[in-house]
Amino acid sequence: MTVVGERPNPVGFGRMLRKEDVRFVRGKGQYVDDIQLPGMLHGAILRSPHAHARLVSVDTSAAEAHPGVRAVITGKTLEGLKLAWMPSLSHDVVAVLATDKVRFQGQEVAFVVADDHYTARDALELIQVEYEPLPPVIDARRALDPGAPVIRDDIAGKQDNHIFDWEAGDRARTDAVFAGAEVVVSQEMLYPRVHPAPMETCGAVAHLDKVSGKLTIWSTTQAPHAHRTLYALVAGLPEHKIRVVSPDIGGGFGNKVGIYPGYVLAIVGSIVTGRPVKWVEDRSENLMSTSFARDYHMRGEIAATREGKILALRVDVLADHGAFNNTAQPSKFPAGFFHIFTGSYDLQAAHCQVRGVYTNKAPGGVAYACSFRVTEAVYLIERMVDCLAAELHIDPAELRLRNLLRPEQFPYTCATGWEYDSGDYPRALRLAMEIAGYAELRREQAERRQRGELMGIGVSFFTETVGAGPKKHMDILGLGMADGCELRVHPTGKAVVRLSVQTQGQGHETTFAQIISEVTGIPPEDVEVVHGDTDNTPFGLGTYGSRSTPVSGAAAAVAAQRVRDKARIITSAMLECAPEDLEWEKGRWFVRGDPTRGKTIQEAAFAAHGSLELPEGVEGHLDASCVYDPPNLTYPFGAYICVVDVDRGTGKVTVRRFIAVDDCGPRINPMIVEGQVHGGLADGVGMALMEAMAFDEDGNHLGSSFMDYLLPTSMECPSWETGETVTPSPHHPLGCKGVGESATVGSPPAVVNAVLDAIGVRHADMPLTPAQVWRAMNGRPYRTDLAIP
Amino acid sequence: MRVPAAFEYERAESVPHALALLARHGSEARVVAGGHSLLPMMKLRLAQPACLIDINGLTGLSYIREEAGQLRLGAMTRHAELLASALAARHFPLLGDAERVIADPIVRNRGTIGGSLCQADPAEDLSAAFAAAKALAVIEGGGGIRTVPIAEFHRGPYETAVAPDELLTEVRLPIRPGAGSAYEKVERRVGDWAIAAVGAVVWLEGDVVQDVGIGLAAVGAPHFHAAEAEAALRGRAPDAAAIAAAAALAAEHARPTADQRGPVDYKRHLVGELTGRALRRAVARARGREG
Ligand SMILES: Cc1cc2nc3c(=O)[nH]c(=O)nc-3n(C[C@H](O)[C@H](O)[C@H](O)COP(=O)(O)OP(=O)(O)OC[C@H]3O[C@@H](n4cnc5c(N)ncnc54)[C@H](O)[C@@H]3O)c2cc1C
């Protein structure tokens, strides 16, 4: 309850309503599709109906003659501009518009620019394309078969569909541990191709101002600065003449990290017509052509003693990257952070090998709140631990407790080289078990089994790896991952903070104000957060991989500390004492031993802009900036427990309870953290039970609308039960670790483990739809990446 | 945003006006009721009618009433209205069972009974429910009014007895004594179309099934109808063995096809499972034992 006169908001960390929601709940958000410019034209993309076909001819004459059509752009047009292909973020190229072949269903073939959206769509139907269909490569496990059709014949000398082989860990040592192990359990599993499916699809408005020569691009981007530099590098435009604006974004989840052909086409459309061009894709275009996530075919092996001490892990992965290797991830490793697959356990040795292949599917790979493949890694280890528990007849929670890293082992360097910063894992798991009433649940389960009812309890423990990242491990096309931040305190003590990261719903306008507030004592409502406009914010690589708080949050904290330090000097000048004699309490410097003598930060701000005589070498005003280069990643973690009921007759799963204990260090705004966790848990239920993009043998996308690609609704979600432990990160100025993706990473294995626990089956692949559960109960689960046979 | 191809738009003021518009615009015209099936197809450009005849003004076709020993549903009755109807629930609780799992509240607020039947999607729930209830469809055209048994209404997927210049105006469900009914559906997620669904109506005379209707959705049953299972149960006591036998026959004669909702064997299994469940609940309701 709010008492009249009491501050509604905390100064610094604490629960407060989100500042940005005032405009969202009033329908006043400004999304890309809300942008209207004088003379703006509308673009639409013609897409390939085939998964693999040679492009024989594209006849655009009828479309060009259609009233209201201003331009029709094809691969040929782009070839003339040297823009038919663009570099991917993974050392490959991506077709902007097809020139030689189409390589997945939904690939971009032509672009129409017209007076309105309806005309543009109508004109698409007038374009005559002649295709010569080719056999497609759909099953990733057959991609390297001898004689498999070669998808990437655009690459000189390419004879197969192989992209990369990569390994991490110590193979010899791992093999040696396995050779001597008492128990070895192995399991094949697929993390299916899923889609982030943000509420807002992707789109852009491009406007090349012919007079100033300045190109402005409003687009759905999680990384405006990275996009600007890439446009400069790719299109050869001078970088100062490019401004990228990311207005309100309706969800990203990694889907909006990369540059899509549609953005480039909007730019080309504007160059060709001399007018602003808007392009916004529809839902099917989003699902069929933009970055998918996962698609990892994994084989795990776990070695242990009979008492349940886990010794080593070995993993072999086949990674389906689609038609172009365009995973939008910043690590120097082709499998992202997958080699964190040792999870939360103390292992003697580990080894993984990953092989990437091309298939006739859309490119992508790491989108969807995955922390660059930590999702796949956590799923693998958490399923393997459950397989081991089943093999050894040890309770899965107990088996985890026996193997979790102990608090005194931190900082801990895992078998594949990652340095975990801090944690108390057993405490988190015990707390989750306590909230769940774990022992009581197991008793209930046994009773229900007696009555023939299927109830399951699933446990997962995850360690996240976020805050990309240290330069030694990361860059995007040579760009490092340090984030800038600029903080300016106005004379009256209000402030503006400028960030390089870009909110897509995470609540940056609130949490970053709270970070500044925590350090300076300026109330959060007095701090304006500016982001998403490259002309008005410092450089940085954007928001994904849960990096905003660990990296930009640190930058903001350091900038705020610098402001606070400067306020100290100013206060000392005001009070005519030495800075060292001043002590800080939130919002105010005062004379040590005489708390009545002091100045608030607001008073200091005014003085900093006033006639006060400042000490030698101290400039006026009260502002600071910081470029924060993270010394290490941060490692949030959590313990999740899921309780399900399964209908034996139909295979239908009901998630009855879900307990999530998260540790992300200190919580800046606990309400926002819980919201992030709730969303991620819903994601997890979705992936575990219903989401997957399968393809039939011709390469038809079988999940190209929300009737076919199912997202969970509130009806499938229980009332989430959340808990927390707090283990600060030792190297973040505020100890914060980031939490955006924790629940998406950690929850799918808990749900899957629960379902498999209920039906007493070792493994079946997600999504565990009623049909798959029933088939699994009958010993015949099917492959979920292909059409159901 | 998906956008349909260009089309003309006419708003009908009455049934005769709608029929006149249909006659004038010919087979290129389509009536639009709730639009929840037609508009998505138009946005996908799978349907490109030259003219839409809006019948949402025909409020006279929106009713649920008991008349002449029948439950009569006007074609423009919305799903939500049927769901809320105590009258319908009293005579045919399977309608409420079905409506509760058709689509979502947004679709149910606009989608109509008539649109559901005329869409004739093989997974349409009300088609199976009406098949079980042995309903009659009332069709109006230039030539007058005719009544078609539901078993003759559906000619195949997306094909009905309604000619391009006709309207479905009403659905009639004969009210007979000793009735109990239930609808069972399994979906992958709330709001999804059925993987399989079964509606059952039994009419008991003492301990004997005097008549029974079993309707199946989404599993390739001709006319949404499990004729063999019905025949096996008619005249028998609805005990566990008889219901199991009927369920097995329904499963055996269903013709499901594999899709991303499930493989054939699972769908066939579901037909049996759900037929058993629906029959048991229908019998319990007929005996006044369950809501
Ligand atoms: C997201 C979603 C989920 C759905 N899930 C389900 C589900 O789970 N189960 C289910 O059964 N249905 C489901 N539906 C379908 C929904 O029930 C139907 O779309 C709806 O009831 C059709 O009615 P309508 O009034 O919207 O028809 P419209 O879309 O207006 O019309 C459908 C067709 O019927 C014709 N038509 C309409 N009324 C008449 C009439 N009186 N005479 C002659 N022809 C007519 C139209 O010309 C058109 O061809 C779903 C739909 C959506 C959009």
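The values are calculated or read from the model by the stated rules, or taken from the named source; none is laboratory data. Here the structure is a predicted model, which is why all the values come from computation and not from measurement. Reconstructed Cβ throughout: ideal geometry from the backbone, glycine too, with neighbour counts over all protein chains shown.
Worth a mention:
- Taken as a whole, the condition of being buried (at least 17 other Cβ atoms within 10 Å of the Cβ), within 18 Å of B:Pro157 (Cα to Cα), within 14 Å of another protein chain (Cβ to nearest Cβ) and not hydroxyl-bearing (Ser, Thr, Tyr) applies to B:Val219.
- The residues on offer are A:Gly651, A:Gly665, and the sole one that is within 14 Å of chain B (Cβ to nearest Cβ), surrounded by 23 or more Cβ atoms within 10 Å (Cβ to Cβ) and outside any strand (DSSP E or B) is A:Gly651.
Listed here are the residues, each with its yes/no results for (1) crowded, with 16+ Cβ neighbours inside 10 Å; (2) outside the structural domain of B:Asn109 (by TED's automatic domain parsing); (3) among the polar types (S, T, N, Q); (4) under 21 Å from the mean Cα position of the chain (by Cα).
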{"site": "B:Leu22", "(1), (2), (3), (4)": "yes, yes, no, no"}
{"site": "B:Ser27", "(1), (2), (3), (4)": "no, yes, yes, no"}
{"site": "B:Gly34", "(1), (2), (3), (4)": "yes, yes, no, yes"}
{"site": "B:Ser37", "(1), (2), (3), (4)": "yes, yes, yes, yes"}
{"site": "B:Met41", "(1), (2), (3), (4)": "yes, yes, no, yes"}
{"site": "B:Leu44", "(1), (2), (3), (4)": "no, yes, no, no"}
{"site": "B:Pro49", "(1), (2), (3), (4)": "yes, yes, no, no"}
{"site": "B:Arg72", "(1), (2), (3), (4)": "yes, no, no, yes"}
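- Count of the stretch B:159-189 residues which are within 14 Å of the ligand (Cβ to nearest atom) and surrounded by fewer than 15 Cβ atoms within 10 Å (Cβ to Cβ): 3
- 3 or more residues surrounded by fewer than 20 Cβ atoms within 10 Å (Cβ to Cβ): qualifying strands (runs of 3 or more DSSP E) within the stretch A:82-197: A:128-133, A:162-169, A:183-194
- All positions within the stretch B:254-278 that are facing chain A (nearest Cβ under 8 Å) and among the aliphatic types (A, V, I, L, M): B:Ala258, B:Leu270, B:Leu274
- The one condition from (1) more than 14 Å from every other protein chain (Cβ to nearest Cβ); (2) within 13 Å of the ligand (Cβ to nearest atom); (3) touching a helix residue (DSSP H, G or I) at 6+ places or on another chain (Cβ under 7 Å) that B:Ala132 does not meet is (2).
- Residue match in the stretch B:92-101 (condition: near the ligand (Cβ under 8 Å from one of its atoms) and within 14 Å of another protein chain (Cβ to nearest Cβ)): yes
- Scanning the stretch B:55-87 for residues that are part of a helix (DSSP H, G or I) and more than 14 Å from the ligand (Cβ to nearest atom) yields B:Ala84, B:Ala86, B:Leu87.
- Selection within the stretch A:202-226 - outside any strand (DSSP E or B) and over 16 Å from A:Val32 (Cα atoms): A:Lys210, A:Val211, A:Ser212, A:Gly213, A:His225, A:Ala226
- Qualifying residue in the stretch B:86-105 (condition: touching a residue at least 60 places away in the same chain (Cβ under 8 Å), among the charged types (D, E, K, R) and surrounded by fewer than 19 Cβ atoms within 10 Å (Cβ to Cβ)): yes
- Looking only at the stretch B:1-41, residues that are closer than 30 Å to A:Cys202 by Cβ and more than 14 Å from chain A (Cβ to nearest Cβ) come to 2 in all.
- No other residue among A:Ala692, A:Ala639, A:Ala688, A:Ala607 is free of Cβ contacts under 8 Å to residues at least 60 places away in the same chain and buried (at least 17 other Cβ atoms within 10 Å of the Cβ) apart from A:Ala607.
- Boolean, B:Ala194 is within 14 Å of chain A (Cβ to nearest Cβ), aliphatic (A, V, I, L, M) and within 15 Å of the ligand (Cβ to nearest atom): yes
- Screening the stretch A:702-718 for residues that are without any contact (Cβ under 8 Å) to a residue 24 or more places away in the chain and in a loop (DSSP other than H, G, I, E, B) and picking the one that is nearest to A:Pro767 (Cα to Cα) gives A:Asp708.
- A residue that is away from every other protein chain (no Cβ under 14 Å), surrounded by fewer than 24 Cβ atoms within 10 Å (Cβ to Cβ) and of a type in the set (Ser, Thr, Tyr) cannot be found anywhere in the stretch A:731-751.
- Residue check, B:Pro238 away from the ligand (no atom under 16 Å from the Cβ) and surrounded by fewer than 17 Cβ atoms within 10 Å (Cβ to Cβ): no
- Count of the stretch A:242-284 residues which are part of a helix (DSSP H, G or I) and either of a type in the set (Gly, Ala, Ser) or in contact with a Pro (Cβ under 6 Å, 6 or more places away or on another chain) (or both): 5
- For the stretch A:202-215, the count of residues that are more than 30 Å from A:Ser284 (Cα to Cα), surrounded by 14 or more Cβ atoms within 10 Å (Cβ to Cβ) and touching a Lys or Arg at 6+ places or on another chain (Cβ under 8 Å) is nonzero.
- Residue count for the stretch A:588-611, restricted to those that are out of contact with any Lys or Arg (no Cβ under 8 Å at 6 or more places or on another chain) and farther than 19 Å from A:Glu518 by Cβ: 11
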